[in-house]
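Inspection log for the structure reproduced underneath, given as structure tokens.
The values are calculated or read from the model by the stated rules, or taken from the named source; none is laboratory data. Every value quoted in this text rests on a predicted model; they were computed, and no experiment measured them. Note: ideal-geometry Cβ built from the backbone for every residue, glycine included; neighbour counts use all protein chains shown. The area values use the complete protein model at the heavy-atom level, side chains included, leaving out ligands, DNA and RNA. Shrake-Rupley method; radii C 1.70, N 1.55, O 1.52, S 1.80 Å.
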Amino acid sequence: MSDIILTTLNAKYIHSSFGLRYLKANLGPLESRCTLKEYTIQHRPLDIVQELLAANPTIIGMGIYIWNATQSLSVVRLLKKVRPDVAIVLGGPEVSYEHQHQVLCELADHVISGEGEVAFRELCTALLSGESPPKPLIMASPPDVNALTLPYHLYSDSDIANRVIYVEASRGCPFKCQFCLSALDQKVRTFPMDDFLAALRDLLDRGVRQFKFVDRTFNLAPKFTNAILSFFHEAYVPGLFLHFEMIPDRFPPLLKKWLSKFPVGCIQLEVGIQTFNPEVSARIERRQEVSRISENLSWLLEHHIHLHTDLIIGLPGESLESVAAGFDRHIALDVQEIQVGILKRLRGAPIIRHIKPFEMVFSPEPPYEILQSKDWTFEALTRMRRFARYWDMVGNSGRYGRTLKLLIDGHSAFMAFLDFADWLHAKTGQTHKISMERMLRFLFDYLDAHSDHSQSEIAAALAHDYCHSTQHRRPPQFLRPWVPEVTLVHNQAHELVPERQRRHLRGTPS
């Protein structure tokens, strides 16, 4: 039985709700009266409601995000039908802005806009003590991070064994990129370093080996960044994997020195470039020195840093040709993963100022992707969605390292892969549920018909990719006339790297 239940629907089981753990950790004397319950968007809303109400709560707090808004609405509707006396409190980025006309907000008893640790504690205290509750909409001020209780003790042993462990050393972002909600909070606040490092030490001692930092600009303050990298270098244990989000044009010598100290595959950087077009960058107020980006990315790749770079399709004023040129610059650098995303109109994001001049039309349903604009027809953006999905399957997965070299061997890697994407969709009508063996067959047929590579060369690349991705020595039957068996080369150091990054290491042509 719990007076307070904090719950959310994660995109996948392996994800963990960092925000809910912060709320619980900062409930003060009410923490012992609170239970965390996490679900996924695959759970049936009725099953979620049954389990939540079985604990007979007084308050249910829900974290609402772009990926779970639709399913959360179903849950809240059921809760208010069955137990209207239970106070429903919503928080999270999806309900922090543009509250008007949101059915989800209208159904809730209270909505907390912004960082909710202090506001949620105060609300629960009032509700459980019988005080008159505050207004339905609570505009929370950013809390003093020095006064917050860190939540890392709330990661259970099961979380550590099975879920992604999120950590943050700072909040806020100094930049004003108009597609991002962080543009609304330009003050960066760092957590007390001694307390944060002690929490990291405790997580390491409990067996955590993979840390995903959620800081928006981890390399903003060199002293701060270097202190954390120094800690992990001194505390290094086999299997350590660190994920950071960094801005691409700020890598001073001392930061490079620390990054170069870690072994292959230990560090992954998410680098949000979004566009290489300086005119578009200026329009959306994304400040970056394009001339330094290629130099920095090249250095990082030379020093065995796994790079996950981001490009956005649909930004105001950017054409297909401009997107293609930016994509090809990434390919020339040979970054491991290029995340091709479609522009979204996040609630509250300043991108709305371009809707009229660029005739931008966004979907009214999550994830609010752009449907068409002055620069892109609906059909062209539909084509780009297919491109992005197939690229994630073939390019980003790391499963087809050698075959990809044959596939994009042309004047423009973007246009070469777009041709394949068009052909594949015409063949299958699918953008999901294509097994690796089916994809191998499609790749063979396409390359055989549309490239100058011989069947034996194509088969050799496909066989290598299949065997090194699956650890089978024998490729699929249709490839065996050319390649009956592949010799697998194991690198023991690589086996400590997470599987997706390991595939990129295996798939690299020698």
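Worth a mention:
- In the range 266-315, the GluC sites (Glu not before Pro) that fall in loop regions by DSSP, at most 15 other Cβ within 10 Å: Glu285, Glu289
- Principal axes of the range 131-219: Cα extent on each, largest first, Å: 42, 41, 26
- Cβ-derived FRET efficiency at R0 51 Å, Thr70 paired with His490, nearest 0.05: 0.70
- Diffusion constant of the range 366-510 at 25 °C, which comes from Stokes-Einstein with the Kirkwood Cα-pair radius and 0.890 mPa s, µm²/s: 150
- Bridgeable lysines around Lys433 (alpha carbons under 18 Å apart, same-chain partners fewer than 8 residues away excluded): Lys12.
- Relative contact order (%) - the range 369-510, alpha-carbon pairs under 8 angstrom, separation at least six: 26
- Both radii are taken from the alpha-carbon atoms of the range 335-375; with Rh as the Kirkwood radius, Rg/Rh is 1.05.
- 3J(HN,Hα) along the range 138-148, derived from phi through the Karplus expression 6.51 cos²θ - 1.76 cosθ + 1.60 where θ = phi - 60°, amounts to 10, 8, 7, 7, x, x, 6, 5, 5, 9, 7 Hz, with x in place of Gly and Pro.
- Adding -39500 (n - 2.57) for every DSSP H run of four residues or longer, then dividing by how many residues the chain holds, sets the calculated 222 nm ellipticity at -12000 deg cm²/dmol.
- Annotation note: GluC sites (Glu not before Pro) in the range 101-162 located in DSSP loop regions with a Cβ neighbour count of at most 15 within 10 Å are Glu131.
- Sites listed here are GluC sites (Glu not before Pro) in the range 406-485 whose DSSP assignment is loop and whose Cβ has at most 12 other Cβ atoms within 10 Å: Glu485.
- Other residues lying with their Cβ under 11 Å from the Cβ of Leu343 contribute a combined charge of -1, Lys and Arg counting +1, Asp and Glu -1.
- Cα-based Rg of the range 179-236 normalised by 2.2 N^0.38 Å, two decimals: 1.28
- Percent antiparallel among DSSP beta bridges (both partners in the chain, rounded to 5): 10
- Scaling against 2.2 N^0.38 Å puts the C-alpha radius of gyration of the chain at 1.04.
- Computed lengthening from Ala221 to Ser298, 0.36 nm per intervening residue step minus Cα-Cα distance: 25.5 nm
- Translational diffusion of the range 59-169, µm² s⁻¹ [Kirkwood Rh, Cα pairs; Stokes-Einstein; 20 °C; 1.002 mPa s]: 139
- Across Lys37/Lys212; Lys223/Lys256; Lys344/Lys427; Lys187/Lys356; Lys24/Lys176; Lys37/Lys81, pairs whose alpha-carbon gap is larger than 19 Å: Lys37/Lys212; Lys344/Lys427; Lys187/Lys356; Lys24/Lys176; Lys37/Lys81
- Heavy-atom SASA rank of Ser294, Ser456 (probe 1.4 Å, accessible area, largest first): Ser456, Ser294
- Pairwise FRET efficiency - Ala161 versus Phe378, Cβ, R0 = 41 Å, nearest 0.05: 0.35
- Anisotropy class of the range 282-361 from Cα gyration tensor, a/c 1.5 cut: prolate
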